[in-house]
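Notes for the one structure printed next.
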């Protein structure tokens, strides 16, 4: 079984989404299906088909979340330290062309939000940063061409 690395916050978010799907969304869609059935002919009932489609989505997402939670390898970032970039590290990068600094935390795929500063460990930049040291340069191929960054800070918070 392949483990899925994630931070404690990401793990909590998945658990909360699963709880909401099971306790709020699932019962609501069951009520919507029952209501739509009362309207008669199901073959031409758009409400019924929409509710069934929503139910299918919810059940699929529940299975996906249960699998990820079962395979989760929760990493406590506060227990990590050093100047090497690891999963969970907050990294300050300096663009070697523009000198512009950007801060990212290396997180699991489900937690990634580039605009929020959360970089997936499986992204090209995330993979390039792992096991690099403070002060090292990394080069990443982007859709706009190659970019070089210098690792300015490595923090574990």
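Nothing in this text is a laboratory measurement; each read-out follows from the coordinates by a stated rule. What you are looking at is a predicted structure, and each value in this text was computed from that prediction instead of being measured. All Cβ positions, glycine included, derive from the backbone under ideal geometry; neighbour counts span all protein chains shown.
Key figures
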| read-out | value |
| --- | --- |
| Label-zone membership for the range 1-42, site residue 70, 7 angstrom Cα→C-beta point, backbone N under 12 Å | 1-2 |
| Cα gyration tensor shape of the range 51-123, rounded if a/c is under 1.5, else prolate or oblate by comparing a/b with b/c | oblate |
| Descending semi-axes in whole angstrom, ellipsoid equivalent of the range 81-157, from the Cα gyration tensor | 17, 15, 11 |
| Rounded tilt (10° steps) of 26-37 against the dominant C-alpha axis of the chain | 30 degrees |
| Likely footprinting exposure, 6, 1, fewest C-beta neighbours within 10 Å first | 1, 6 |
| Mean projected area (nm²) of the alpha-carbon convex hull when the range 4-75 is viewed from all directions | 4.9 nm² |
| Helix-only [θ]222 nm of the chain, DSSP H runs n ≥ 4, -39500 (n - 2.57) each, per residue, nearest 500 | -12000 deg cm²/dmol |
| Ranked 120, 148, 43, criterion: other C-beta atoms within 10 Å, fewest first | 43, 148, 120 |
| Convex hull volume per residue in cubic angstrom - Cα atoms of the chain | 150 Å³ |
| Mean Cβ count within 10 Å, highest first, over the residues of peptides 134-147, 52-65, 86-99 | 86-99, 52-65, 134-147 |
| Linear extension gain, residue 52 paired with residue 83, 0.36 nm per residue minus alpha-carbon span | 6.0 nm |
| Using alpha-carbon coordinates, inclination of helix 46-71 to the longest axis of the chain, degrees | 40 degrees |
| Rounded to 10°, Cα long-axis angle of helix 8-20 versus longest principal axis of the chain | 10 degrees |
| For the chain, share of DSSP beta bridges that run antiparallel, in % to the nearest 5 | 75 percent |
| Alpha-carbon centroid distance for the pair the range 132-157 / the range 1-57, whole angstrom | 40 Å |
| Computed label-point distance, nm, for sites residue 150 and residue 101 using a 7 Å Cα→Cβ extension | 1.2 nm |
